[in-house]
1. Can you work out which of the residues in the stretch 199-243 that are surrounded by fewer than 16 Cβ atoms within 10 Å (Cβ to Cβ), more than 19 Å from the chain's Cα centre (by Cα) and β-branched (Val, Ile, Thr) is farthest from Ala182 (Cα to Cα)?
2. Pairs under 7 Å by beta carbon, first residue closer than 12 Å to Leu65 by Cβ and without any contact (Cβ under 8 Å) to a residue 60 or more places away in the chain in the stretch 89-117, partner charged (D, E, K, R) and outside any loop (DSSP other than H, G, I, E, B), six or more apart or different chains?
3. Being exposed (fewer than 14 other Cβ atoms within 10 Å of the Cβ) and among the hydrophobic types (A, V, I, L, M, F, W, C), is that true of even one residue in the stretch 122-137?
4. I'm trying to understand the selection: among the residues of the stretch 149-175, which are at pLDDT 95 or above, charged (D, E, K, R) and either touching a His at 6+ places or on another chain (Cβ under 6 Å) or under 15 Å from Ala191 (Cα atoms) (or both)?
5. Pick from the stretch 147-164 the residues that are free of Cβ contacts under 8 Å to residues at least 40 places away in the same chain and not small (Gly, Ala, Ser): which of them is surrounded by the fewest Cβ atoms within 10 Å (Cβ to Cβ)?
Amino acid sequence: MTERPLYEGVLQLLGAIRGEEWTYHWALCGQERERTGTEGAPSIKELVAKASAARRTATKLLHDLVGGQPVDPCAEPDPAAAVPAAGTWAQVHADAHNAMTGLWEAMDLVTEEQLAADAGPPRSHPQYLWRDVVILAVRGPVHGYSEWHLRAGSTFDSLAVLARWYDLTRGTKLPTKIRSDASYDLACGLARVGRLDAAMEFLPDAFAYNDRGAVPVLKAWAREDPDLATLRERADFRTLVGV
């Protein structure tokens, strides 16, 4: 049997993030699940609906590639592509299942070589189709759920979402670039809540695990990233990002 580490790794991440969303389905009381959030503090329903829209964007990306159409990995998810968050939780939850099923089926259409390709227009450093899918379908929702917990006043749960993402990436056979993403995300989460020494334990891995060509781009981003603003006066941070 031919090994497909990219295919299997992406599916593993998709299954895990859907499991994360199932915990909200079972753990939140009915009143909280049906609550309508605000622009400043979206409810979990709105975030799940947003994740569904992003997964449909990833699905379209895969279908476009297979169909020979131009691929736009930078396309923004269409909010109209999911059941509105104003619907019931049951509707939003069912729509999330359908969106993930569609993406799962689209993954069966692409080859391992296509997943490894640098699809789309030229950029400042290589991007890969498998990572475009992960960013849309997994990493983006992880950020949303972590921020939701933080707005709700639960620092522990906010960091726990990022820690599960971090651990999960180390359980796949995906390229180490995914470890770079998760290390950076966890460092940002720690810095946001004032755990600066801990943030600096994880941030170096974001560069060590990244593609060589992407490191200067990421360092430039880190210097301006508001999530890392609390680190900017530290000597170790300034040395790391080349201030």
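The values are calculated or read from the model by the stated rules, or taken from the named source; none is laboratory data. Keep in mind that what you see is a predicted model, and the values were worked out from it rather than measured. Backbone-built Cβ (ideal geometry, glycine too); neighbour counts: all protein chains shown.
1. For the stretch 199-243, the residue satisfying everything is Val243.
2. none
3. no
4. none
5. Phe156
Condition check ((1) within 17 Å of Tyr24 (Cα to Cα); (2) among the charged types (D, E, K, R); (3) in contact with a strand residue (DSSP E or B) (Cβ under 9 Å, 6 or more places away or on another chain)) across all residues:
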site	(1), (2), (3)
Thr101	no, no, no
Asp118	no, yes, no
Ser124	no, no, no
His149	yes, no, no
Ser154	yes, no, no
Ala160	yes, no, no
Lys177	no, yes, no
Ala182	no, no, no
